[in-house]
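First the structure, in the form of structure tokens, and then the observations on it.
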Amino acid sequence: MKGGRRKNIDRLDGEKTYLRIEELFLHNSSESSYVSLQTLDELMARDNQREEDGFERKIKLGKIVRPGKNGSDEIIIVPSTIETKFYHDNAPNNEEEEFGGTGTEEEGSVIGEKSNNPKNEDGSGKGPGEGSEKGHDLNSDAYNLGKVLTEYFNLPRLKQKGIKKSISQYNYELTDLNKGFGQLIDKKQTLKRIIKTNILLNNIPEKTKPDLSSLIHSPQDTVYKILSREISYETEAIVFFVRDYSGSMQGSPSEAVLTQHLFLYSWLMYHYDKRVKTRFILHDTQAIEAEDFSTYYRSNVAGGTKIFPAFELVNSIIENEQLHLSKNIYVFYGSDGDDWKDNKNNLVGEIKKLSKYANRIGIFVARNSGNDNPTSLESTIEESNILSELNDILKITQINSRDFTESQIIESIKLFLRV
Amino acid sequence: MKLVNQHTKNIMEGCKERAQDAGLKFDQESLEYIVTNSDLIELQPKIMIPTMYDFWVNDIEIIQGKEKYKVFPHNPYETVINSRPAISFYNDNNPDWLNVMIFYHVLAHIDFFQNNHLFSNTWNEDFVGKALADKRQIAFLRTKHGRWVDYVIEFSRSIDNLVGFFSALNEKEAPPIGADMAGYYFNIFCQEKLKLNEHIVFKQIEQYNKLISNNPQVGKVLFFNNIMKKHPEFEFEFKKHIDTNKSNKTDVIQFIRDHSPFLNKDENKWMKTIVNIIRESSVYFSPQIRTKIINEGWASFWHDRLFRMDDRISGNEVQYAKINASVTSINRAGLNPYAIGLRLIQEVEELGDRGMLSHEFERITSIDERSKYNTQNSKGLDAIFHLRKHFSDFTLINSFVNQDFVSKHDLMVIGKRQNEERNTTEYYVKSKKAEDYKNMLLDSLYHPPSISVDEVKTNDKCLYLIHQFEGKQLLKSHIKSTMMGIGFLWGGNVELITQEIKLNKSDGTKWNKKVIYTYKNKKLTKEEL
């Protein structure tokens, strides 16, 4: 933004308000500034001021997925806001999304399909479940989001008691390159540099075979591998993200759970500087482990719902890898609360078992639209009395996914992290 | 931003002549600007009005727009605003032949703005100039009241979709029976107050008409002097009738502006200016948002017709055909307003040419005869000019999307469903019935909820709002903050009566339930009635 632009008007203090720019526009000048843009910081300051003035914050963090080179996408965080008005809600009338089109096919025939498994396809999109997958690394972007979250949403910092401080170790490895001296010659790099130098010296004529004996070799062209100090982090905490991706989760429940998990993940990445290990579990009637957050975030809805296999899988991973002996374990679970009734005892059993290993289990229920009654997951937990039994470890929070707000998500995270 | 060069302006003037010869009507003056991508991104949140007032929400959209542009660069060929003179914006570097096409498209838009009766309330002023005055006013208020100006803008904008656009239009285009003295006397006073027999009323009308034709200047005065002698209460009753009918027509935002105890406090009166600016801007944009499909259809129809007749572009037909197809082809999946609008206007032209927009045709029942019907009276152009004058998106779709139209263009409603076996999302042909297609189109049109003030129950402490339920409930996530804004502007509590759709999950039955939302002490509560 150019400094000159904002002179027109300062919107908070409202100094100097003569709007010469518009007059320039009307007189056909080539000047093209007709806005007095505020920076993101100014907008955020305005948003903070709202709370003091007694109104809710309005600025949210939106995400744009930028398809990157080599198939790796980048997530760009942009501010966004919604101007609330009385609008009609089409959702309760149409269970199914529909739109127009043209074609000669008969009614009922399928004209296209899209895989729910993001691995098999490329594409662009802005929400979970869409977009390309290859080699996507959310870490650096999540790190930025976490920074913004910590700054603007005042999330509590986890106490030392929660996750032990990691021990840093240093290893010496032959990974860095150095010109002139070092431990081992890197022949390929050296040759490249010699050729480069000789091209610059016109020693290698175009389109003829170079005479290797006449090449000039400067000592600076020799590239060596050199010992360097590398920090290795020893992970002390492991966080399991577990979510339901069954059919009933389609739409807003998935969005709520994923928003919460993205925030949690981003915040952990920022706060622990990538020293926390994460594992990702998806389940419908069966549970699977997703290889990274990207797959976890982008995998789409599948079949019916059984919750206990997810916790069973978490328990078996912990037991097989003996994680509980060396690590602090955190489990965050998100679902719309639907579960097969007959699995009650299994589920309670698995949660109890997990509570012996885990430092904190956070269950987040994004209730489906139009349903204000407790969901089957909530009633199972209520009836089994494990909430009071495990009150230090188990936390449960619920929202209505149809009209959830970002601040509700932040509140639910605060509850999970309360010491 | 700069004016187009003289060469390009000459092309535009050439287009104007040809378009006027073909029957389009528009003011001779127009301004054409070349804008950069960054200009466009900055103008879009201001609905392309460069002089629109500043507001922080626009700034957020600009930041977002710039990031989005980096990821998904896209540019419109043109944008026109309904100002006097009409202003249009273009991307840089179009070849001449493409400018010819774009200019015809723009001229048809201008013709639509200046002749369609939904826009009649915008004909007498230049919004760009008005917006500049408003912007200065708001900027001046900011010097005195700082950020509170932005709160008033925000809360007024939260109800700016409830403006009474149609009632204002109706008043101008079709004043109600009884709005003038004669209309009130014969239609209401004689029949309801005096309870006169019909034949006596007719006799009086005859007398009145005779008097007027004999004394064009004073006939009316003479007649009503006589009436007022006979019925001294007439004048009072007429005034009362006018007053009561007026108050019924205020929309929510007008009502708050005029009657809010908070805004009427001396120290808050400046807020009324802002409320009014927001309301008037919203009324100004109301016709545009209700004529997107027909306006784009109209512009596409004329750019095609006029371009192909234009002698200046020979040699570029193939390139033109390619661009024209990309703009106006019906999407395999998804709705293209240009395409549907164009097809509907072409359809009406054909119906007019074959004489099918007539009672004679309507009376024919045999399918065979109907399909062969052709009076060859070539009234197609008249028919589409009638559309341009009187129709909106709703009336166009509601009148002309029928089975013939849907089948002719292989239109269909596409549904989206989960295939759990294959773990895919399927897109399938849900319906090819005209009724379903029409409903899908109508559902996509702008239609804000109808919400009015219950003037009887409203008092200084509480504003009562009634939502007229049309089968769709209000979006719950927006209710609280919208009511909070209204509560601020009223300076008290707000109640809203509406209906909600309840679903029985086990058998899928639905029913409506009347509910009342109350915003009080910064809390929203809901009660079922």
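Observations, loosely collected:
- In segment A:314-330, the residues that are among the charged types (D, E, K, R) form Cβ pairs under 9 Å with partners that are modelled with pLDDT of 85 or more, at six or more places apart or across chains, as follows: A:GLU319/A:TYR357; A:LYS327/A:ILE318.
- Residue match in segment B:95-116 (condition: within 12 Å of chain A (Cβ to nearest Cβ) and crowded, with 16+ Cβ neighbours inside 10 Å): no
- Counting only helices (runs of 4 or more DSSP H) wholly contained in segment B:1-93, the ones carrying 3 or more residues that are within 14 Å of chain A (Cβ to nearest Cβ) and under 27 Å from B:GLU280 (Cα atoms) occupy B:37-43, B:56-71.
- Matching residues in segment A:400-417 - criterion: being buried (at least 20 other Cβ atoms within 10 Å of the Cβ) and within 14 Å of chain B (Cβ to nearest Cβ): A:ASN400, A:SER401, A:ARG402, A:PHE404, A:ILE409
- Qualifying residue in segment B:348-358 (condition: part of a helix (DSSP H, G or I) and either within 14 Å of chain A (Cβ to nearest Cβ) or over 29 Å from A:THR104 (Cα atoms) (or both)): no
- Count of residues meeting criterion [within 17 Å of B:PHE165 (Cβ to Cβ) and either touching a Cys at 6+ places or on another chain (Cβ under 6 Å) or aromatic (Phe, Trp, Tyr) (or both)] in segment B:116-147: 3
- Qualifying residue in segment B:123-133 (condition: in a loop (DSSP other than H, G, I, E, B), more than 9 Å from chain A (Cβ to nearest Cβ), surrounded by 19 or more Cβ atoms within 10 Å (Cβ to Cβ) and on the phi < 0 side of the Ramachandran plot): no
- Test result for A:LEU184, at pLDDT below 80 and not assigned by TED's automatic domain parsing to the domain that holds A:PHE293: no
- Hits in segment A:97-111 - residues which are under 34 Å from the mean Cα position of the chain (by Cα) and in a strand (DSSP E or B): A:GLU98, A:PHE99, A:GLY100, A:VAL110, A:ILE111
- The lone exception for B:LYS430 - which of (1) in the same structural domain as B:ASN402 (by TED's automatic domain parsing); (2) closer than 18 Å to B:PHE255 by Cβ; (3) of a type in the set (D, E, K, R) it fails: (2)
- Single unsatisfied condition, A:GLU51 versus (1) more than 8 Å from chain B (Cβ to nearest Cβ); (2) more than 30 Å from B:TYR517 (Cα to Cα); (3) at pLDDT 80 or above: (2)
- Candidate set: segment B:94-116, residues that are part of a helix (DSSP H, G or I) and among the polar types (S, T, N, Q); chosen: the one nearest to B:TYR33 (Cα to Cα): B:ASN99
- Residue tally, condition modelled with pLDDT of 90 or more, out of contact with any strand residue (DSSP E or B) (no Cβ under 6 Å at 6 or more places or on another chain) and of a type outside the set (Phe, Trp, Tyr), over segment B:485-509: 3
- Contact map, segment A:42-54: residues that are among the small types (Gly, Ala, Ser) paired with residues that are at pLDDT 80 or above, Cβ distance under 8 Å, separation 6+ or inter-chain. Pairs shown: A:GLY54/B:LYS522.
- Set side by side, the residues B:PHE307, B:PHE301 differ, and just one is buried (at least 19 other Cβ atoms within 10 Å of the Cβ), touching a Leu at 6+ places or on another chain (Cβ under 7 Å) and part of a helix (DSSP H, G or I), which is B:PHE301.
- Residue that is farthest from B:ILE330 (Cα to Cα), among those in segment B:404-426 that are under 33 Å from the mean Cα position of the chain (by Cα) and more than 7 Å from every other protein chain (Cβ to nearest Cβ): B:ASP404
- In segment B:145-200, the residue that is surrounded by the most Cβ atoms within 10 Å (Cβ to Cβ) out of those that are basic (Lys, Arg) and assigned to a loop (DSSP other than H, G, I, E, B) is B:ARG147.
- Checking every residue in segment A:221-236 against the condition of being in contact with a helix residue (DSSP H, G or I) (Cβ under 7 Å, 6 or more places away or on another chain), acidic (Asp, Glu) and farther than 30 Å from A:THR278 by Cα gives at least one match.
- Candidate set: segment B:427-457, residues that are acidic (Asp, Glu) and over 21 Å from B:GLN473 (Cβ atoms); chosen: the one farthest from the other protein chains (Cβ to nearest Cβ): B:GLU455
- Candidates B:ILE451, B:ILE501, B:ILE466, B:ILE479, filtered to the one that is under 27 Å from B:ARG290 (Cβ atoms), in contact with a helix residue (DSSP H, G or I) (Cβ under 7 Å, 6 or more places away or on another chain) and not basic (Lys, Arg): B:ILE451
- Hits in segment B:478-525 - residues which are at the interface with chain A (Cβ under 10 Å from one of its Cβ atoms), surrounded by 13 or more Cβ atoms within 10 Å (Cβ to Cβ), not in a strand (DSSP E or B) and not charged (D, E, K, R): B:HIS478, B:ILE479, B:SER481, B:THR482, B:MET483, B:MET484, B:GLY485, B:ILE486, B:PHE488
- The set of residues in segment B:438-450 being surrounded by fewer than 20 Cβ atoms within 10 Å (Cβ to Cβ) and under 19 Å from B:SER286 (Cα atoms) consists of B:LEU442, B:ASP443, B:SER444, B:LEU445, B:TYR446, B:HIS447, B:PRO448, B:SER450.
- The listed residues are B:GLU435, B:GLU421, B:GLU426, and the only one of them that is in a helix (DSSP H, G or I), surrounded by fewer than 19 Cβ atoms within 10 Å (Cβ to Cβ) and free of Cβ contacts under 8 Å to residues at least 12 places away in the same chain turns out to be B:GLU435.
- Verdict on A:GLY362 being in a loop (DSSP other than H, G, I, E, B) and closer than 20 Å to A:VAL257 by Cα: no
- Boolean, B:ASP460 is away from chain A (no Cβ under 11 Å), touching a Gly at 6+ places or on another chain (Cβ under 9 Å) and not basic (Lys, Arg): yes
- Every listed requirement among (1) in contact with a Leu (Cβ under 6 Å, 6 or more places away or on another chain); (2) among the hydrophobic types (A, V, I, L, M, F, W, C); (3) within 30 Å of B:GLU455 (Cα to Cα) is met by B:PHE238 save one, (1).
- Listed here are the helices (runs of 4 or more DSSP H) enclosed by segment A:248-327 that have at least 1 residues being aromatic (Phe, Trp, Tyr), out of contact with any Asp or Glu (no Cβ under 8 Å at 6 or more places or on another chain) and farther than 22 Å from A:LEU347 by Cα: A:252-271, A:293-298.
Residue-wise test of (1) more than 27 Å from A:LEU323 (Cα to Cα); (2) touching a residue at least 12 places away in the same chain (Cβ under 8 Å); (3) of a type in the set (S, T, N, Q).
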site	(1), (2), (3)
A:GLY362	no, yes, no
A:ASN368	yes, yes, yes
A:GLU378	yes, yes, no
A:GLU382	yes, no, no
A:LEU390	no, yes, no
A:ASP403	yes, no, no
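The values are calculated or read from the model by the stated rules, or taken from the named source; none is laboratory data. Since this is a predicted model, take the numbers as computed values, not measurements. Heads up, the Cβs are rebuilt from the backbone with ideal geometry, glycines too, and the neighbour counts pull from every protein chain shown.
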